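Have a look at the structure below, then the notes.
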Amino acid sequence: MRTPEEELAGIRARGLWRQVGSFEPVPGTMQCRFNGRDLVHWASNDYLGLANSPELQAAFHESVARLGAGSGASRLIVGTRASHLALEEELAEFEGTGAALTFSSGYVTAVSAIPAIVGKGDVVILDKLCHACLIDGARLSGALMRVFPHNDLEKLRSHLHWARRQIEARGRILIVAESVYSMDGDFGDLAGMAALKEEAGALLLVDEAHGVGLYGPMGQGRVEELGLGDRVDLRMGTLSKALGLAGGYLCASRSWIDLLINSGRGWIYSTAPPAALTEAARHALRMLRGDEGARRRARLWENVAALDEALGRTGIDPSPIRPVRVGEAEAALALSESLRRRGHHVPAIRFPTVPKGTARLRVSLSADHRKEEIGSLARILREPELHGD
């Protein structure tokens, strides 16, 4: 029998060793103390800075005092409180769907929802760059699984034709894609996918984890920005990124949500998120939809534009995710450590999070980054010697 030590030695040898670091953020800033160093960090998905917002923190504190710290049970036992139902109603109205269901995390959303939507005898087709939670959900479903190259609509069309031949008349075909891809920051071709799913009589699930809060008239996401609300069957989102809290959700028709309530194992058998958290999420959603959300989005896009200009980047999708591609894992680790010595925390992203040979630094911008911090990072990234050129 192989030992864990042998496996760990192999992980180290491939430059894929990971360990947990001590991270202490400085409230109200994008500065932190990481493993004893004072740094500016560029790794958070708190794109609008709401996690640091005194207003949201006060709302969360008041909710804990009023509703308690925990939920005590799963949703179908005694874990559902009025705040859960209110948040779901507000999310459905926000996204313009018939209903919504909240989960303890985005990962649990995916691995609960996809196996409830498709199963044995069905087909699920994913974009190659889909997040691990979507891939795991597809694998757990037991459906036949196919992957198409990123945004390759011709290959998707081919897979859809193949799928239609494989399934019975009552079978389902589910296309799974993201609105904004988490490691490259580029957009999914949602309009093209919507057209193909209609042509094939399929379903389309779009993960808006990195789109909610940032796009659309009030931050509803890319689906709304593109006017595809009535053409996307299932919209997955998160409370953990632009909304500054934790949790996931799925918006769809009432029938799909009822199916998840009755068949989504991850939802049925998980302890409910604390009512205080869902109440704070309602407050974050109101902030997102109001003037505060608009101001924070404007600040974020100013920061994105400032970094792109400083690095001479043009013609790329507007996103707070700005990867610096390196190649091999060891080189990405070395570049990350070099930046850390210069005052910036930008973690190296390696296989299996990204394909082999495409290791990178993932720069993630926030509305709370200051212009001088952006300028400092850009100056360092422009230095040829930093990359060994």
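Hey, can you tell me all the residues within region 239-268 that are over 19 Å from Ala138 (Cα atoms) and out of contact with any Pro (no Cβ under 6 Å at 6 or more places or on another chain)?
Of region 239-268, the ones over 19 Å from Ala138 (Cα atoms) are 239-247, 253-255, 258.
Result: Leu239, Ser240, Lys241, Ala242, Leu243, Gly244, Leu245, Ala246, Ser253, Arg254, Ser255, Asp258.
Just one of the numbered conditions (1) under 17 Å from Val118 (Cβ atoms); (2) touching a strand residue (DSSP E or B) at 6+ places or on another chain (Cβ under 8 Å) is not true of Ala169; which one?
(2)
Just the residues that are more than 22 Å from the chain's Cα centre (by Cα) and in a helix (DSSP H, G or I), please, taken from region 73-108.
So the first thing to find is which residues in region 73-108 are more than 22 Å from the chain's Cα centre (by Cα), and the list is 73-83, 85-86, 98.
Correct list: Arg75, Leu76, Ile77, Val78, Gly79, Ala82, Ser83, Leu85, Ala86.
Looking at region 109-129, is at least one residue out of contact with any Gly (no Cβ under 8 Å at 6 or more places or on another chain), surrounded by fewer than 21 Cβ atoms within 10 Å (Cβ to Cβ), part of a helix (DSSP H, G or I) and free of Cβ contacts under 8 Å to residues at least 60 places away in the same chain?
Checking region 109-129: not a single residue is out of contact with any Gly (no Cβ under 8 Å at 6 or more places or on another chain), surrounded by fewer than 21 Cβ atoms within 10 Å (Cβ to Cβ), part of a helix (DSSP H, G or I) and free of Cβ contacts under 8 Å to residues at least 60 places away in the same chain.
Can you find, within region 200-228, the residue that is nearest to Glu168 (Cα to Cα) among those that are touching a residue at least 40 places away in the same chain (Cβ under 8 Å) and surrounded by fewer than 19 Cβ atoms within 10 Å (Cβ to Cβ)?
Ala200
Kindly check whether there is at least one residue in region 13-31 that is buried (at least 16 other Cβ atoms within 10 Å of the Cβ), assigned by TED's automatic domain parsing to the domain that holds Leu260 and either of a type in the set (Val, Ile, Thr) or within 22 Å of the chain's Cα centre (by Cα) (or both).
Scanning region 13-31 turns up no residue that is buried (at least 16 other Cβ atoms within 10 Å of the Cβ), assigned by TED's automatic domain parsing to the domain that holds Leu260 and either of a type in the set (Val, Ile, Thr) or within 22 Å of the chain's Cα centre (by Cα) (or both).
Kindly indicate whether Ala281 is in the same structural domain as Arg370 (by TED's automatic domain parsing), touching a Gly at 6+ places or on another chain (Cβ under 8 Å) and either of a type outside the set (Ser, Thr, Tyr) or surrounded by fewer than 23 Cβ atoms within 10 Å (Cβ to Cβ) (or both).
Spelling it out, it is not the case that Ala281 is in the same structural domain as Arg370 (by TED's automatic domain parsing), touching a Gly at 6+ places or on another chain (Cβ under 8 Å) and either of a type outside the set (Ser, Thr, Tyr) or surrounded by fewer than 23 Cβ atoms within 10 Å (Cβ to Cβ) (or both).
Does region 55-63 contain at least one residue that is part of a loop (DSSP other than H, G, I, E, B) and surrounded by 19 or more Cβ atoms within 10 Å (Cβ to Cβ)? Explain how you work it out, then say what you get.
Here is the first cut: in region 55-63, the residues part of a loop (DSSP other than H, G, I, E, B) are none.
There is no residue in region 55-63 that is part of a loop (DSSP other than H, G, I, E, B) and surrounded by 19 or more Cβ atoms within 10 Å (Cβ to Cβ).
Go through region 149-258 and tell me which strands (runs of 3 or more DSSP E), entirely inside it, have 3 or more residues that are over 29 Å from Val64 (Cα atoms). Explain how you work it out, then say what you get.
Working: elements: 173-178, 203-207, 234-238, 248-252.
Fully inside region 149-258 and qualifying: 173-178, 203-207.
Which ones in region 132-148 are among the small types (Gly, Ala, Ser) and outside any helix (DSSP H, G or I)? Give the derivation first.
The initial filter retains those residues of region 132-148 that are among the small types (Gly, Ala, Ser), namely 132, 137-138, 141-143.
Listed by number, the residues that qualify are Gly142, Ala143.
What are the residues in region 130-149 that are touching a Cys at 6+ places or on another chain (Cβ under 9 Å) and either in the same structural domain as Lys356 (by TED's automatic domain parsing) or surrounded by fewer than 21 Cβ atoms within 10 Å (Cβ to Cβ) (or both), if any? Even if it seems obvious, please write down each step before you answer.
Applying the first criterion (touching a Cys at 6+ places or on another chain (Cβ under 9 Å)) to region 130-149 yields 138, 147.
Correct list: Val147 only.
Checking Ala305 against (1) crowded, with 16+ Cβ neighbours inside 10 Å; (2) of a type in the set (A, V, I, L, M, F, W, C); (3) over 23 Å from Cys133 (Cβ atoms): exactly one of these is not met. Which one?
(1)
Pick from region 229-262 the residues that are over 23 Å from Leu277 (Cα atoms) and buried (at least 19 other Cβ atoms within 10 Å of the Cβ): which of them is nearest to the chain's Cα centre (by Cα)?
Leu234
The values are calculated or read from the model by the stated rules, or taken from the named source; none is laboratory data. Given the structure is predicted, the values throughout are model-derived calculations rather than measurements. Please note: Cβ atoms are built from the backbone with ideal geometry, for glycine as well, and neighbour counts cover all protein chains shown.
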